[in-house]
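Inspection log for the structure reproduced underneath, given as structure tokens.
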Amino acid sequence: MLALDCVASTFSVKPMPLLSRAAAAGDPSYELCAGGSDVAVDSSNLVRYIRAVVDASLGAGIQAQMAAFREGFNEVFSMSALEVFRDDEMEVLLCGAGEHWTPQQLADSMKFDHGYTAQSAPVRHLLEILSELDTSDQRRFLRFVTGCPRLPPGGIAALQPRLTVVRKHPSQLPASDGPTPTSAASSDWSNGTPLADGDLPSVMTCANYIKLPPYSCKDVMRDRIMFAIREGQGSFDLS
């Protein structure tokens, strides 16, 4: 059998706070099965080992903690009274439904740089589109741009780093009549250009940074943004 030293040596893991039995007893390890400290992990039982780690982290290993949480929560608010709510309704009750954005609020909360100002036509279109999003698409946009579907206390103005929008140069650059190609940096696309209509916006989630192509009109921008936030979740192609 092939040993997998890069995964683990035996069916035991170091105790973590959520692994109640090991943590409570001060055991040096948490056995994932009976006699796990003596069972070596190899290619023949790797799937079994992975399932055991998942169960220890999300199942049997945290049963005591989940039972204590339910008991404590039930003392504050009857668990039976919550059975009438769906999971999405519970999320709204506990986390809120977000905030309604207006173009002016967004303009005051965002930064525009590298080819864009608050007066640029693509920026005005973006602010109008974002203010028209429903709750579901607002969360999709936030997840796409920041990596999280919810805003911090204080709303979009409280995002750190500040939400920043910069111009993304069109991938289809115009041909040059002279011997020197047209410089993307010197082109004036402040009012938008059809050259950008085939491109998608991209982001840097770690910096709350949107790279927005200068689309030719609001309708094209809405179509490209909605495609990106609905179909591009988790795609490194749009980073």
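The values are calculated or read from the model by the stated rules, or taken from the named source; none is laboratory data. None of these values were measured; they are calculated from a predicted model. All Cβ positions, even for glycine, are placed from backbone atoms using ideal geometry, and neighbour counts span all protein chains on display. What goes into the accessible areas is simple: the full protein's heavy atoms, side chains included, and nothing from ligands, DNA or RNA. Shrake-Rupley method; radii C 1.70, N 1.55, O 1.52, S 1.80 Å.
Quick notes on this structure:
- Residue count for the range 52-90, restricted to those that are under 26 Å from the mean Cα position of the chain (by Cα) and charged (D, E, K, R): 5.
- Scanning the range 162-190 for residues that are at pLDDT 80 or above and either touching a Pro at 6+ places or on another chain (Cβ under 6 Å) or open to solvent by less than 60 Å² (accessible area, probe 1.4 Å) (or both) yields LEU163, THR164, VAL165, VAL166, ARG167, LYS168, PRO170.
- Test: residue in the range 20-38 that is over 29 Å from ALA67 (Cα atoms) and either β-branched (Val, Ile, Thr) or at pLDDT 80 or above (or both): yes
- Test for TYR49: is it modelled with pLDDT under 85 and open to solvent by less than 60 Å² (accessible area, probe 1.4 Å): no
- Criterion violated by THR102 - all others in (1) modelled with pLDDT under 95; (2) of a type in the set (Ser, Thr, Tyr); (3) in contact with a Leu (Cβ under 9 Å, 6 or more places away or on another chain) satisfied: (1)
- Residue check for ALA68: touching a residue at least 24 places away in the same chain (Cβ under 8 Å) and hydrophobic (A, V, I, L, M, F, W, C): no
- Within the range 191-226, the set of residues being assigned to a helix (DSSP H, G or I) and modelled with pLDDT under 95 comprises PRO194, LEU195, ALA196, THR205, CYS206, ALA207.
- Residue satisfying condition, being closer than 14 Å to THR10 by Cβ and part of a loop (DSSP other than H, G, I, E, B), within set ALA34, ALA52, ALA56: ALA34
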